[in-house]
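These notes are about the structure you will find just below.
A short reminder: the numbers here are calculations on the coordinates, not readings from a lab. No experiment lies behind these values; they were computed from the predicted model shown. Neighbour counts run over all protein chains shown; Cβ positions are idealised from the backbone, glycine included.
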Ligand SMILES: [Zn+2]
């Protein structure tokens, strides 16, 4: 049997997101199940022996900067639909 007590917790929620490349504010839409960020969030995992040797770089990009980055690739990136 379990007995519970009620406690108040402080939860960190995203207040503001800015594009790491240009500094533009990225729109956030709050919903019951969380929030949606209109730009893109990138995690770059670097392998052993690379310049960042196992580090993970995390940053946010606005739509314009993410499109500019994708367009700069010599070979197009793969697109995976998530919703
Ligand atoms: Zn940007």
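Observations on the structure shown:
- Computed over the chain: relative contact order in percent, which uses C-alpha pairs under 8 Å that are six or more apart: 22 percent
- Taking the three principal axes of the alpha carbon atoms in the chain, the coordinate ranges are 60, 34, 26 Å, sorted in descending order.
- Footprinting exposure proxy for 3, 21 (fewest neighbouring C-beta atoms within 10 Å first): 3, 21
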